[in-house]
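Everything below concerns the one structure shown next.
The values are calculated or read from the model by the stated rules, or taken from the named source; none is laboratory data. For clarity, every value in this text was computed on a predicted model and none was experimentally measured. Cβ coordinates were reconstructed from backbone atoms using ideal geometry, including for glycine residues, and neighbour counts include every protein chain displayed.
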Amino acid sequence: MSSEAQGGGRVLVIEDEPDIAALIAYHLTRRGYRVETASTGREGIAALAREVADLVVLDVMLPGISGLDVLRSVRSEGPARDVPVLVLTARRSQDDRILGLELGADDYLTKPFSPKELLLRVEAILRRSRQAPLESGTQVLRAGTLYLNAAASTASLDGEPLNLTPTEFRLLQAFLERPGSTQSRRRLLEDAWNVDRSVSGRLHTRTVDMHVRRLRAKLGEAGNWIETVRGFGYRFQPSPDDP
Ligand code: CA
């Protein structure tokens with residue numbers, strides 16, 4: 001499949017700096033996406049009210065309503081409530097990244113970023129949003145020589161069966177289902193422990209760290225694919241080279 005055929009979604013870019021907005025639009029358009037741009041938060045919210053995009057690229061630093069306020073507003077109500085959002089933040093502002101993810105952004109990119117990074121993140125988010133939910137059950141997930149069959153509850157690495165606890169298994173499934181996406185500990189708790197927000201709020205997020213540590217150890221070299229996102233959670237980033 002050509003990269004153009006994989007694209008084809010509608011992306012709304014909310015960014016006030018014309019050069020950056022144009023650059024993003026150029027690379028996404030080349031990849032087959034239809035791109036609309038908005039230069040203020042208010043414009044962006046209005047554009048989403050007219051038509052829900054498949055993905056929003058949202059700059060945090062906007063004049064007037066900030067990007068985080070846009071995100072808060074979009075997530076609070078309306079037809080675009082579940083739209084995937086990639087936030088753009090300044091490199092120095094870790095607070096913005098964490099707040100963005102807490103407010104429901106799907107991932108973030110720090111400026112300056114390369115077009116390649118942008119496209120990888122956009123594609124990872126769209127792949128994830130187009131996938132069936134976790135409980136669909138029948139698919140075989142794969143990264144390199146790591147396989148997971150959700151229906152059969154089996155996983156293998158390099159052709160050898162992996163001996164995982166049910167929690168480790170669901171954790172690995174959550175990672176394989178969303179490659180390239182940053183996932184909060186809270187989200188992983190909800191997915192891997194099968195609990196909702198009312199319960200997960202009483203669980204310790206350190207529980208996740210402990211299980212990730214054990215899972216990494218069982219995966220050997222492939223354990224390095226589970227990257228720690230400091231202060232927030234984890235990102236599963238399979239490397240095409242190994243194992
Ligand atoms: Ca800006």
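Among the residues of the stretch 50-74, those that are more than 21 Å from the chain's Cα centre (by Cα) and closer than 14 Å to ARG10 by Cα comprise ARG50, GLU51.
Taking ARG142, is it assigned to a loop (DSSP other than H, G, I, E, B), under 21 Å from the mean Cα position of the chain (by Cα), over 20 Å from GLY233 (Cβ atoms) and charged (D, E, K, R)? Give the derivation first.
Working: assigned to a loop (DSSP other than H, G, I, E, B): no; under 21 Å from the mean Cα position of the chain (by Cα): yes; over 20 Å from GLY233 (Cβ atoms): yes; charged (D, E, K, R): yes.
So ARG142 fails the test.
Within the stretch 53-67, take every residue that is part of a loop (DSSP other than H, G, I, E, B) and crowded, with 18+ Cβ neighbours inside 10 Å and give me the one that is nearest to the ligand (Cβ to nearest atom). Selected residue: LEU62.
Could you tell me whether ALA49 is of a type in the set (A, V, I, L, M, F, W, C), away from the ligand (no atom under 16 Å from the Cβ) and not assigned by TED's automatic domain parsing to the domain that holds ARG187? Walk me through how you get there before you give the answer.
On the way: of a type in the set (A, V, I, L, M, F, W, C): yes; away from the ligand (no atom under 16 Å from the Cβ): yes; not assigned by TED's automatic domain parsing to the domain that holds ARG187: yes.
So ALA49 passes the test.
Taken together, the residues in the stretch 68-92 that are more than 20 Å from GLU117 (Cα to Cα) and buried (at least 23 other Cβ atoms within 10 Å of the Cβ) amount to 3. In a residue-by-residue description of the stretch 188-204, the property of being buried (at least 21 other Cβ atoms within 10 Å of the Cβ), outside any loop (DSSP other than H, G, I, E, B) and at pLDDT 85 or above applies to at least one position.
With LEU88, LEU162, LEU146, LEU118 as the choices, which residue is in contact with a strand residue (DSSP E or B) (Cβ under 6 Å, 6 or more places away or on another chain), modelled with pLDDT of 90 or more and outside the structural domain of GLU221 (by TED's automatic domain parsing)? It would help to see each step written out before you state the result.
Details: LEU162 fails: outside the structural domain of GLU221 (by TED's automatic domain parsing); LEU146 fails: outside the structural domain of GLU221 (by TED's automatic domain parsing); LEU118 fails: in contact with a strand residue (DSSP E or B) (Cβ under 6 Å, 6 or more places away or on another chain).
Checking each option against the conditions leaves just LEU88.
Scanning the stretch 22-38 turns up no residue that is within 16 Å of the ligand (Cβ to nearest atom) and assigned to a loop (DSSP other than H, G, I, E, B).
When residues of the stretch 68-96 are filtered for being within 15 Å of the ligand (Cβ to nearest atom) and touching a residue at least 60 places away in the same chain (Cβ under 8 Å), how many remain? Spell out the reasoning first.
Going through the stretch 68-96, the residues within 15 Å of the ligand (Cβ to nearest atom) turn out to be 68-71, 86-93, 96.
Restricting the remaining residues to those that are touching a residue at least 60 places away in the same chain (Cβ under 8 Å) gives 88.
Selection size over the stretch 68-96: 1.
Being modelled with pLDDT of 85 or more, touching a Ser or Thr at 6+ places or on another chain (Cβ under 9 Å) and either among the polar types (S, T, N, Q) or outside the structural domain of VAL83 (by TED's automatic domain parsing) (or both) is true for just one of ARG185, ARG213. Which residue is that? So that I can check it myself, show each step before the final result.
Details: ARG213 fails: touching a Ser or Thr at 6+ places or on another chain (Cβ under 9 Å).
Going through ARG185, ARG213 in turn, the sole match is ARG185.
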